[in-house]
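Presented below is the structure to which this report refers.
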Amino acid sequence: MTWGKWQNYWWRLMMLEDNGYGGWQPMRSERPLLKVPNADMARMSLETWVEAILEDAADSFSEFDGEVRVECFTVPDPGPDDVPVISKQMRIYEEN
């Protein structure tokens, strides 16, 4: 069996609060894009990885009312015209 190199991806987590102030905001302002771990890409598809991160983010921010979104890019510093290779979002809300 020969191993091939897979595509590197970078991701960011965005949040949109229901109050609507400011639109979609990155959850990490100091360095919004992080590299998707190679070890994870060796075990699962990018789509599966994004779904797991999205679920974890929704659980972590459940005290807010709004939406979270994960975006993945093939470059570490996407420009304004770069489109994510995958983008998924989920509604979050505080459970009473």
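The values are calculated or read from the model by the stated rules, or taken from the named source; none is laboratory data. Quick caveat: nothing in here was measured; it's all calculated off a predicted structure. Neighbour counts run over all protein chains shown; Cβ positions are idealised from the backbone, glycine included. Side chains included, ligands, DNA and RNA excluded: accessible areas come from the protein's heavy atoms. Shrake-Rupley method; radii C 1.70, N 1.55, O 1.52, S 1.80 Å.
Of the residues making up segment 61-73, those that are open to solvent by 60 Å² or more (accessible area, probe 1.4 Å) and either at pLDDT 90 or above or closer than 16 Å to Q25 by Cα (or both) are F64, D65.
Quick check: anything in segment 22-33 surrounded by 11 or more Cβ atoms within 10 Å (Cβ to Cβ), closer than 19 Å to W6 by Cβ and at pLDDT 90 or above? Taking every residue of segment 22-33 in turn, at least one turns out to be surrounded by 11 or more Cβ atoms within 10 Å (Cβ to Cβ), closer than 19 Å to W6 by Cβ and at pLDDT 90 or above. Kindly provide the set of residues from segment 77-96 that are touching a Leu at 6+ places or on another chain (Cβ under 8 Å) and open to solvent by 70 Å² or more (accessible area, probe 1.4 Å), ordered by number. Matches in segment 77-96: D77, V85, Q89. On the stretch given as segment 9-21, residues that are part of a loop (DSSP other than H, G, I, E, B) and crowded, with 18+ Cβ neighbours inside 10 Å total 1. On the basis of being more than 10 Å from the chain's Cα centre (by Cα), modelled with pLDDT of 85 or more and closer than 23 Å to Y93 by Cα, does E55 make the cut? So E55 passes the test.
Just one of the listed residues (A52, A39, A58) is open to solvent by less than 40 Å² (accessible area, probe 1.4 Å) and part of a helix (DSSP H, G or I), namely A58.
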